[in-house]
Amino acid sequence: MASVFMAALFAHLTAQGAVVPPPARPSPQDLRCYRLMAELAQDEDPRIATAGLTGAQYFLGRIDARSPGFEPAAEGGEMRESERAALIGQCGALMGAGGRDFRSLGQQLADRRDTI
């Protein structure tokens, strides 16, 4: 029953022309993480390249959600080695938090599947 209500509410808001907020500038942290991960995706070690590709896609999704159509390649600049080392930990923590959020949501949905 709740799913029928949510579908009706979504249809109503869509029909009413719900106001969509204008795109915001991407988070500088997300941009730096995207650049780092895209760089790691080019590594010769396939494990690092795969992790870098996954990370680049994750941060590009965050960037696109905040600023649809934003072209991250337009944001440039060299990254110092000391910045890279610190950034790896920070970006990994952001990705880990996102993973926990998705696992939690998945568990909530699994717990409710019999009530929908």
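Every condition in (1) at pLDDT below 90; (2) in a helix (DSSP H, G or I); (3) not aromatic (Phe, Trp, Tyr) is met by residue 18 except one, and the failing one is (2).
Select from the range 25-48 the residues that are modelled with pLDDT of 90 or more, among the charged types (D, E, K, R) and farther than 14 Å from residue 91 by Cα and list them in ascending order. 43, 44, 45, 47, listed by residue number. From the list 108, 57, 90, the lone residue that is more than 14 Å from the chain's Cα centre (by Cα), modelled with pLDDT of 90 or more and assigned to a helix (DSSP H, G or I) is 90. Consider residue 115 carefully, then state whether it is over 20 Å from the mean Cα position of the chain (by Cα) and either modelled with pLDDT of 85 or more or part of a loop (DSSP other than H, G, I, E, B) (or both). When the stated conditions are applied, residue 115 passes them. Of the residues examined, residue 51 is not one that is modelled with pLDDT of 80 or more, exposed (fewer than 10 other Cβ atoms within 10 Å of the Cβ), in a helix (DSSP H, G or I) and hydrophobic (A, V, I, L, M, F, W, C). Within the range 21-48, which residues are under 17 Å from the mean Cα position of the chain (by Cα), outside any helix (DSSP H, G or I) and free of Cβ contacts under 8 Å to residues at least 24 places away in the same chain? 41 - this is the single residue of the range 21-48 that is under 17 Å from the mean Cα position of the chain (by Cα), outside any helix (DSSP H, G or I) and free of Cβ contacts under 8 Å to residues at least 24 places away in the same chain. If you go through the range 33-48 and pick out every residue that is touching a Phe, Trp or Tyr at 6+ places or on another chain (Cβ under 6 Å) and either basic (Lys, Arg) or loosely packed, with under 13 Cβ neighbours inside 10 Å (or both), you end up with 0. Quick check on the range 89-107: of everything there that is among the hydrophobic types (A, V, I, L, M, F, W, C) and within 16 Å of residue 57 (Cα to Cα), which residue is surrounded by the most Cβ atoms within 10 Å (Cβ to Cβ)? Selected residue: 91. If you take the residues in the range 68-79 that are charged (D, E, K, R) and exposed (fewer than 10 other Cβ atoms within 10 Å of the Cβ), which one is modelled with the highest pLDDT? Restricting to residues being charged (D, E, K, R) and exposed (fewer than 10 other Cβ atoms within 10 Å of the Cβ), the top hit is 71.
The values are calculated or read from the model by the stated rules, or taken from the named source; none is laboratory data. Keep in mind that this is a model prediction, so the values were computed, not measured. Cβ coordinates were reconstructed from backbone atoms using ideal geometry, including for glycine residues, and neighbour counts include every protein chain displayed.
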